[in-house]
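Below is one structure, written out as structure tokens; the observations come after it.
The values are calculated or read from the model by the stated rules, or taken from the named source; none is laboratory data. What you are looking at is a predicted structure, and each value in this text was computed from that prediction instead of being measured. FYI the Cβ positions are ideal-geometry reconstructions off the backbone, even for glycines, and counts take in every protein chain you see. Surface accessibility is based on the protein's heavy atoms, side chains included, excluding ligands, DNA and RNA. Shrake-Rupley method; radii C 1.70, N 1.55, O 1.52, S 1.80 Å.
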Amino acid sequence: MKGKFIVLEGIDGCGKTTQINELYKWLPKSGLINKNATLIKTREPGGSILGREIRDMILNNNKSNSPSILTELLLYSADRAEHISKVILPALQNGNWIISDRFSGSTLAYQGYGREISIDIIKKLENIVCQNIKPDLTIFLEISPEESILRRKNKVADRIESEGLEFLKKVNHGFKLIALENNWEIIKASEDLTSIAQQIQKSLINKFSLNK
Ligand code: T5A
């Protein structure tokens, strides 16, 4: 692939959106991106047109039509399949850079470690859905589950965020294991915004400045 694919992962409220916005401002000035390349900011779920409808289906808090855990897994997978086909793959083939708020690591952490669906099944599904697309760099923003809840105390929680502390602990544990297993960049995200942004920039410089 000619383009680059960067993913930020972590539990709810770890600061992905905040840091992706910083990265989106910094990257074009960084000298890392070819002048002809476009920088695309995206997210999962909801990074494609159909994906935005899937996002509403997954995250809405209406208890009467909550999906079963298997349906939930398949909806996240459908969202990702659409995101890859319509957004990620075309962008990478055209030499563009993509920064995504979440990718397949979130499914392993939330549906695998959180919901306790077989990791083996999730990895098999990931192989079908991802069509060999792998992020060039994944950054894990690590905060504690307690801090996650504190940071979101004034926000209306979506269906997954409403699962509470014990669920979040399992997801966080999963993220730590996945991050180590896959050599993700791990950044302590309880520090101040500027220091986290600088560490993310450093990771990108280390990863991409020799491979332009
Ligand atoms: N999901 C997703 C799955 O279960 N399986 C999957 O396969 C996928 C892809 C998605 C939900 O779906 C689940 C995970 C999620 O529960 P989402 O919209 O991506 O939903 O939800 P979140 O990731 O929870 O998004 P948030 O917006 O809540 O969190 P962010 O983006 O990580 O954090 P951000 O930047 O919005 O910051 C949260 C708050 O903290 C403050 C910010 O100002 C903000 O108020 N903050 C800091 N405060 C102190 N110090 C810092 N360093 C701070 N950085 C940010």
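Ignoring everything but the protein chains, give the 1.4 Å probe accessible area of LEU177 in square angstrom, nearest 10.
Counting only protein heavy atoms, LEU177 exposes about 70 Å² to solvent.
Rounded, prolate or oblate: which fits the range 5-208 when a ≥ b ≥ c are the square roots of the eigenvalues of the alpha-carbon gyration tensor, with rounded for a/c under 1.5 and prolate only if a/b beats b/c?
Cα axes put the range 5-208 in the oblate bin.
Please work out whether the range 1-54 counts as rounded, prolate or oblate from its C-alpha gyration tensor, where a ≥ b ≥ c are the square roots of the eigenvalues and a/c under 1.5 means rounded, while otherwise a/b larger than b/c means prolate and anything else oblate?
Oblate shape, in that a/c is at least 1.5 and b/c is the bigger or equal ratio.
Charges at C-beta only: +1 for Lys and Arg, -1 for Asp and Glu. How large is the resulting dipole of the range 74-121 about its Cα centre, in Debye rounded to 20?
That gives the range 74-121 a dipole magnitude of about 100 debye.
Taking Cα pairs under 8 Å and at least six residues apart, what relative contact order does the range 94-210 come out at, in percent?
The normalised contact order for the range 94-210 reaches 35 percent.
Mind grabbing the accessible area of TRP184 for me, 1.4 Å probe, Å², rounded to tens?
40
Helix-derived [θ] at 222 nm for the chain: sum -39500 (n - 2.57) over DSSP H runs of at least 4, divide by residue count, nearest 500? Write out the running numbers ahead of the final one.
Values: 9 runs with 98 residues, N = 212.
Theoretical 222 nm ellipticity from helices: -14000 deg cm²/dmol.
Suppose accessible area is computed on protein heavy atoms with a 1.4 Å probe; arrange GLU82, GLU185 from highest to lowest.
Largest accessible area first, the residues go GLU185, GLU82.
Carbon and sulfur together cover what percent of the accessible area of the chain at a 1.4 Å probe radius?
Reported share for carbon and sulfur atoms: 52 percent.
For helix 49-59, report the angle its Cα long axis makes with the longest principal axis of the Cα atoms of the chain; keep it between 0 and 90° and round to the nearest 10°.
40
Solvent-accessible area per residue for the chain at a 1.4 Å probe radius, Å²? Numbers along the way, then the final one.
Numbers: 10920 Å² over 212 residues.
In whole numbers, the chain has 52 Å² accessible per residue.
By how many degrees, between 0 and 90 and to the nearest 10, does the Cα long axis of helix 165-181 differ from the longest principal axis of the chain?
Around 40 degrees separate the two axes.
From Cα pairs below 8 angstrom and at least 6 apart in sequence, can you work out the relative contact order of the chain, rounded to a whole percent? Kindly include the intermediate steps, with their values, before the conclusion.
Numbers: 304 pairs, mean separation 71.4, N = 212.
Here the relative contact order equals 34 percent.
So if I place +1 on the C-beta of Lys and Arg and -1 on the C-beta of Asp and Glu, and nothing else carries charge, what would the dipole magnitude of the chain be about its Cα centre? I want it in debye, nearest 20.
700
Along the charge dipole of the chain, pointing to its positive end and built from +1/-1 on Cβ of Lys, Arg, Asp and Glu, which listed residue (LEU32, ALA78, PHE103) has its Cα farthest out?
LEU32
Expressed as an acute angle from 0 to 90° and rounded to the nearest 10, what is the orientation of the C-alpha long axis of helix 119-130 relative to the principal long axis of the chain?
50
Would you please name the trypsin sites (Lys or Arg not before Pro) within the range 26-74 that are DSSP coil residues with at most 11 other C-beta atoms within 10 Å of their C-beta?
In loop regions of the range 26-74 (DSSP not H, G, I, E or B), the sparsely surrounded trypsin sites (Lys or Arg not before Pro) are LYS35.
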